[in-house]
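The values are calculated or read from the model by the stated rules, or taken from the named source; none is laboratory data. Predicted model only: the values in this text are computed from it and were never measured. Using ideal geometry, Cβ is built from the backbone for each residue, glycine included, and neighbour counts are taken over all protein chains shown.
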Amino acid sequence: MENTLKRTLAALLLAASACLSHAATPATGFASNPEVIEFARDLEQREGFDSGQLLEQFAQIRPNAKVLELIKPPASPLQRSWERYRPRFLNERRINWGVQFWQENRIALARARATYGVPEEIIVAIIGVETEYGRNMGNFRVLEALATLAFYYPRRAEFFRTELEQFLLLARENGMNPLDIRGSFAGAIGIPQFMPGSQRRYAVDFDGDRKVDLYGSVDDAIGSVARFLEQHGWQAGQAIAVPAQSRGEPERNLIDAGIQPTLKVADLARQGITAAADPQAMVTLVDLVSPGRATEYWLGFDNFYVITRYNRSSFYAMSVFQLAEEIRARMPRPQGS
């Protein structure tokens with residue numbers, strides 16, 4: 001009797017645990033969700049979609065628990081650590097593959113630089129950080145990922161509903177079945193991992209075949225990255241960042257000034273933060289912190305800020321910049337130079 005009772009209690013606890021673990025993701029599909037039905041009808045009225053066809057497509061996907069798990073902030077966020085972050089992107093694999101990618105795509109990269117003013121190494125580094133040069137573009141159904149975030153992630157539902165609409169427009173414009181398109185858990189697509197809205201605004205047909213293909217065309221990916229940066233204010237031939245020295249810990253208001261350059265180099269020098277830069281230049285103070293180690297300081301110029309438009313993180317932008325520098329330093333010099 002006692003053993004039977006114990007087994008029954010154990011079974012009940014197991015069942016309760018399973019229910020709790022799946023509570024965030026409904027078992028029913030999207031097509032029966034009133035918000036999805038309203039969304040489909042709205043697209044029919046505003047953009048000429050067939051709401052019935054949209055709901056048929058939504059009926060073939062389910063809210064994805066893995067997407068919700070990956071998107072949510074950690075319960076106990078780790079301290080920012082440049083020492084931990086940097087090796088994820090600055091390593092021999094990415095550097096060597098970057099040199100190879102540049103050599104294989106010299107012509108397209110040079111043309112992108114001539115057209116948009118963005119150096120080859122920056123384009124290469126962004127593609128390297130995003131997908132290891134197209135080797136890892138994500139295997140989530142983009143329709144499922146975006147719908148999950150649009151309707152079951154209230155924190156950023158508005159953003160992801162907009163991207164879901166942009167994705168459906170993108171698929172229609174390119175004659176693609178939205179159920180077939182794969183990408184990241186957040187809905188980013190292709191070699192450069194553009195969100196659908198960014199692809200519609202900034203992507204270009206750089207190989208001249210009259211279509212934009214960020215999956216299969218490396219040329220289109222290269223041109224699109226360069227145009228994205230150019231459209232966000234890239235300044236050809238200008239510096240990105242320089243190391244800085246600080247006498248003691250900077251005032252907190254300098255760190256909190258934000259990622260957009262609003263601090264004058266001369267003013268920082270008067271507060272004990274110096275660097276090899278034009279005293280009249282406007283910069284941001286970048287703090288590369290690592291627990292238990294001295295903080296590394298840099299001054300970021302407008303082009304550093306432009307890189308953060310791709311991913312709004314100073315760690316990300318610095319990884320791109322330093323990976324670019326490493327790749328450029330490893331590139332063989334042309335014969336006769």
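Does F301 meet the test of being in contact (Cβ under 8 Å) with a residue 60 or more places away in the chain and in contact with a helix residue (DSSP H, G or I) (Cβ under 6 Å, 6 or more places away or on another chain)? Break it down stepwise before answering.
Details: in contact (Cβ under 8 Å) with a residue 60 or more places away in the chain: yes; in contact with a helix residue (DSSP H, G or I) (Cβ under 6 Å, 6 or more places away or on another chain): no.
Criteria not met by F301.
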Residues satisfying the stated conditions in the range 223-237, i.e. of a type outside the set (A, V, I, L, M, F, W, C) and outside any loop (DSSP other than H, G, I, E, B): G223, S224, R227, E230, Q231
Selection from the range 39-91 of residues that are farther than 28 Å from L168 by Cβ and over 21 Å from the mean Cα position of the chain (by Cα): A75, S76
Residue count for the range 113-137, restricted to those that are surrounded by fewer than 18 Cβ atoms within 10 Å (Cβ to Cβ), farther than 15 Å from D219 by Cα and out of contact with any helix residue (DSSP H, G or I) (no Cβ under 7 Å at 6 or more places or on another chain): 2
L214, sole failed condition from (1) closer than 30 Å to A277 by Cβ; (2) touching a strand residue (DSSP E or B) at 6+ places or on another chain (Cβ under 9 Å): (1)
Only listed residue being within 18 Å of A110 (Cα to Cα) and among the basic types (K, R), chosen from R210, R252, R227: R227
Residue under evaluation G175, criteria (1) under 30 Å from L68 (Cβ atoms); (2) free of Cβ contacts under 8 Å to residues at least 60 places away in the same chain; (3) in a loop (DSSP other than H, G, I, E, B), criterion not met: (1)
Within the range 198-208, tally of residues that are assigned to a helix (DSSP H, G or I) and surrounded by fewer than 18 Cβ atoms within 10 Å (Cβ to Cβ): 2
Residue in the range 15-33 that is at pLDDT below 55, among the β-branched types (V, I, T), surrounded by 10 or more Cβ atoms within 10 Å (Cβ to Cβ) and in contact with a helix residue (DSSP H, G or I) (Cβ under 8 Å, 6 or more places away or on another chain) present: yes
Any hit, the range 303-316, residues being at pLDDT below 95, at positive phi and surrounded by fewer than 15 Cβ atoms within 10 Å (Cβ to Cβ): no
Test: residue in the range 244-255 that is buried (at least 19 other Cβ atoms within 10 Å of the Cβ) and under 22 Å from V124 (Cα atoms): no
Residue match in the range 257-268 (condition: of a type outside the set (G, A, S) and touching a Pro at 6+ places or on another chain (Cβ under 7 Å)): yes
